[in-house]
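The values are calculated or read from the model by the stated rules, or taken from the named source; none is laboratory data. Note that this is a predicted model, so its numbers are computed, not measured. With ideal geometry, Cβ positions are generated from the backbone for all residues, glycine too; neighbour counts draw on all protein chains shown. Surface accessibility is based on the protein's heavy atoms, side chains included, excluding ligands, DNA and RNA. Shrake-Rupley method; radii C 1.70, N 1.55, O 1.52, S 1.80 Å.
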Amino acid sequence: MEGPDDRRAADKPADTPSEQPRHHAGVTRRVVLGAAGVGAVAAAAVGGAAVGRSTAAESQADANAHIVPFYGERQAGIITEAQDRLHFASFDVITDSREELVDMLRRWTAAAERMTRGLDTVEGGALDMGDYTPPADTGEAIGLSAASLTLTIGFGPGLFGPSASNPAGVDRFGIADRKPAALVDLPPFVADAIERTRSFGDIAVQACSNDPQVAVHAIRNLARMGFGVVSVRWSQLGFGRTSSTTTSQATPRNMFGFKDGTANIKATDTKALDEHVWVAESDNPAGAQWMTGGSYLVARRIRMDIEPWDRAMLLEQEQIVGRFKGNGAPLGKVDEFDEPDFAIGDGTGPLIARNAHVRLAHPNNLDGVRILRRGYNFTDGSDGFGHLDAGLFFIAYCRDAHKQFVPMQRALSTKDAMMEYLMHTGSALFACPPGINEGEYWGQHLFE
């Protein structure tokens, strides 16, 4: 783990013989990708110089195609086309020093921006810091592309004072008057089995990418850089996105084998995003305007009872969900994206049962409430009984979780037939500010 002395050493110029870059100097992720392009050019040169130039250009274009811009009006990783892999981490802030926290956020921002471009955390950080200095980058992403990595930061209620994880907490950083009204811990729900070691936190970072090693590298290095300032409270790996955020993406399946997130808000639906996802200026008093343009992240670890579900008949599974398992169409309809008709009967009652998941979660039955889902499947091996510890790591972005997610979850937790097969074991809420411009750092408008 990196300590203050290590960081100073990492920042020190390579001005002594032992600290001069070694034989692998400059072997960064970008250089490796470039080398691949050079190799392609050399091979293509056998067939003609014109072909070689074309291949090199395409190689660079391919590399750039895997980069999601870090700076912008919104944080990447919210409406960005959902990547396939996730490493989510929640941190406790263990220092009382505002200066140390801000300094870490500055260093995190610089490293995050570089990693989203496929670079190591600092220039030459993996290999060129000298033989007798701990590398400033752990190096497992050398040779890998940016893999569409996005890093999204959020701040938990505990950063501002008392919270569910620390009821005796105080305003350590002088920001209590900047706490948004909606940043209040989620209430307990019926049948919750929340584990404190999988819940809450002062700061969260969501790393999404199309390469699991790139996402793990990002969280690992941020945790390393935060030594002495933050400690990892809990983390979760995820695979197989369980929702689509663009119209070009097919709807994925969850661990029950059903298509999930068919009715999710899409990135192009700006009206729905403004209404249900982005925090408006009118949502907060003057002190909390740093959240205008941001969004609230709800994280729920939902364990699925896989084995009992696997023994349920297909008809029963479809009645519980309210959709056909094959193509995802609502019961009584033909296509996945057909609007559910809750009035259709089967002679004994509604075809889509009153306790079916799709009925209870539909906006028509929740006063129009919608959320932007961005969850992932997970498996954490098996428990002591040989049962698969698997399920859905639910992530949703809301304009106000207490007006959107809370009423939705209250309805589901008390009426949803699927709850017989679900157990919520983790819970957290974070305020994700809007994006930043070049030269700014994560949380700048909160702390300054």
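Tabulated data
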| quantity | calculated |
| --- | --- |
| Lone qualifier among 426, 435 - being of a type in the set (Gly, Ala, Ser), assigned to a loop (DSSP other than H, G, I, E, B) and within 18 Å of residue 154 (Cβ to Cβ) | 435 |
| Neighbours by Cβ (under 8 Å, 6+ apart or cross-chain): first from the range 268-285, over 19 Å from residue 297 (Cβ atoms); second surrounded by 14 or more Cβ atoms within 10 Å (Cβ to Cβ) | 281/289; 281/292 |
| Some residue of the range 294-304 being touching a residue at least 60 places away in the same chain (Cβ under 8 Å), touching a Lys or Arg at 6+ places or on another chain (Cβ under 6 Å) and surrounded by 20 or more Cβ atoms within 10 Å (Cβ to Cβ) | yes |
| Members of the range 158-172 found to be surrounded by 15 or more Cβ atoms within 10 Å (Cβ to Cβ) and more than 16 Å from residue 188 (Cα to Cα), listed by number | 158, 159, 160, 161, 162, 169, 172 |
| Residue check for residue 339: assigned to a loop (DSSP other than H, G, I, E, B) and either touching a residue at least 12 places away in the same chain (Cβ under 8 Å) or at negative phi (or both) | yes |
| Selected residue (criterion: most open to solvent (accessible area, probe 1.4 Å)) from residues of the range 75-94 that are closer than 12 Å to residue 159 by Cβ and not hydrophobic (A, V, I, L, M, F, W, C) | 92 |
| Search result, residues across the range 409-424 that are buried (at least 18 other Cβ atoms within 10 Å of the Cβ) and either in contact with a Gly (Cβ under 8 Å, 6 or more places away or on another chain) or closer than 23 Å to residue 196 by Cα (or both) | 409, 412, 419, 421, 422, 424 |
| Selection count where residues are acidic (Asp, Glu), touching a helix residue (DSSP H, G or I) at 6+ places or on another chain (Cβ under 8 Å) and farther than 22 Å from residue 439 by Cβ, scope the range 97-146 | 3 |
| Complete set of residues in the range 384-408 that are part of a strand (DSSP E or B) and open to solvent by 10 Å² or more (accessible area, probe 1.4 Å) | 388, 389, 392, 394 |
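Let's see how each residue does on (1) among the small types (Gly, Ala, Ser); (2) touching a residue at least 60 places away in the same chain (Cβ under 8 Å); (3) assigned to a loop (DSSP other than H, G, I, E, B):
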| position | (1), (2), (3) |
| --- | --- |
| 147 | yes, yes, yes |
| 152 | no, yes, no |
| 168 | yes, no, yes |
| 173 | no, yes, yes |
| 190 | no, yes, yes |
| 194 | no, yes, yes |
